[in-house]
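Notes follow once the structure below has been shown.
Laboratory data are not the source of any read-out in this text; all were calculated from the coordinates shown. On a predicted model such as this, the values are computed, not experimentally measured, just so you know. Because the Cβ atoms are built from the backbone with ideal geometry, glycine has one as well, and the counts that use them run over all protein chains shown.
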Amino acid sequence: MEMMRPCSWASEKQPDLILLDMMLPKMSGLEVLKALKKEPATEGIPVVVLTGLSQTNAERFRRDGAFAFLAKADLALDQGGEPLLAILTKILTELPGARVQPACGSHAEEQRPL
C-alpha cells in the first residue's frame, strides 16, 4: 500500500520529470519505478534514477523504465547542488517536446524548465 502514494501523487500532479532516489526508507526505488511504469497514468513520465549503486546497474534501471541514471558519487553533492542542477537541466532539454527558458538572474548558458 505504501507504494501507491508516489504513484497516486505522480498520477495526480503529472510532473515533467521524476527524480527518484533508489534508497528509500519503506520501499525500494526500484519498486516505485516499476509501479510508475506499470500504471497507464504515469508510464510516460520520465524517471531519472539517483543512486549510490555502481554504473553497472544503469542498464537494468533503463530496462525497468528509467530515462536516465545518475550516480551520487559523480555529482559531488557534498559540495552543493549545482552539478545535479546542471545535469537535470541537460536531461530536461533531451526530453521529447522539451522547452526550457533562461532562469531569472542566472548566467546566459544556464536554463530551467518551464
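Below are the figures for this structure:
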| read-out | value |
| --- | --- |
| Segment Glu82-Cys7, length gained on full extension (0.36 nm per residue, minus Cα span) | 24.2 nm |
| Sparse-neighbour loop sites [GluC sites (Glu not before Pro); segment 9-70; at most 15 other C-beta within 10 Å; DSSP] | Glu43 |
| Inter-site label distance for Leu95 and Asn57 at 7 Å from Cα along Cβ, in nm | 2.4 nm |
| Amide hydrogen neighbours beyond the local backbone of Leu20, cut-off 5 Å, H modeled | Val48, Val49, Leu50 |
| Residues of type lysines that Lys26 reaches as a straight line, Cα spacing below 21 Å, ignoring anything fewer than 8 places off in the same chain | Lys34, Lys37, Lys38, Lys72 |
| Label-point separation in nm, Gln14 to Phe67, each point 7 Å along Cα→Cβ | 1.5 nm |
